């Protein structure tokens, strides 16, 4: 059984969903510390605004308590951010071929009656998974799995607890992940090798990779599923 683990990002790119499509179990790592860094995507994603990549950001509370766990992180301010996010997406993609159905995803996310960012993200993830034709039942939340430890030890424990014999790691894990600990636990490690596939985008002469999967859904609809790598390609290159 192949297990993947990833934080519940805000409107993530297609590579996030490629990881889900490749795994038998996909664990949402929602009970770790939120990092306010440039590489954090828990509360931001890129979309095209007038043909240029631009950050779509949800303001979040700061301070030690706010950063303690992703599933406890609250959005900051009143509902103005919801109106701003909707207006930005709507204005940027009003002429997209699949605007109406993709805006339903945005509206479902923004109408969620909670100020917990993780819950808002999960609503959006569920809707995007459905739009891409991927199996929602593969997703489980780490906060519902009783394991201890931190770092690689936590990842190993999560994989073992759900019955996994192999772990699919992402592009940027090499700097902190200790593969030898997976080996010691008898868990094989595979590397995700997702490469963005070009598709027609609004107002661009050159394909812009790394955007939120909303961009692909706006432009391609259900055919965005074809932009995700098949599992056998992942395993063949592991």
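Rule-based calculations on the coordinates, nothing more; no lab input. Quick caveat, the model's predicted, so the values are computed rather than measured. Because the Cβ atoms are built from the backbone with ideal geometry, glycine has one as well, and the counts that use them run over all protein chains shown.
Each of 118, 220 was scored by other Cβ atoms within 10 Å of its Cβ. Listed from fewest to most, they are 220, 118. In this simple spin-label model, placing a label point 7 Å from the Cα along the Cα-to-Cβ direction at both residue 116 and residue 204 gives a separation of 3.4 nm. The ranking of 167, 190, 199 from fewest to most other beta carbons within 10 Å of each one's beta carbon is 199, 190, 167. Spread over its residues, the convex hull of the C-alpha atoms of segment 2-236 is 123 Å³ per residue.
Seen against the Cα atoms of the chain and their longest principal axis, helix 151-161 is set at about 80 degrees.
Suppose only helical runs count, i.e. DSSP H with n ≥ 4. What mean residue ellipticity at 222 nm does that imply for the chain under -39500 (n - 2.57) per run, divided by all residues and rounded to the nearest 500 deg cm²/dmol? Taking each H run of at least 4 residues, the total per residue is -10000 deg cm²/dmol. Taking other Cβ atoms within 10 Å as a rough exposure proxy, 218, 197, 128 sort from fewest to most as 197, 128, 218.
One chain, two ends: residue 179 and residue 101. Fully extended at 0.36 nm per residue, the span grows by 23.9 nm beyond their Cα-Cα distance. Dividing the mean sequence gap of close Cα pairs (under 8 Å, 6+ apart) by how many residues segment 1-100 holds gives a relative contact order of 23 percent.
Taking all Cα pairs closer than 8 Å and separated by 6 or more residues, the relative contact order of the chain comes to 30 percent.
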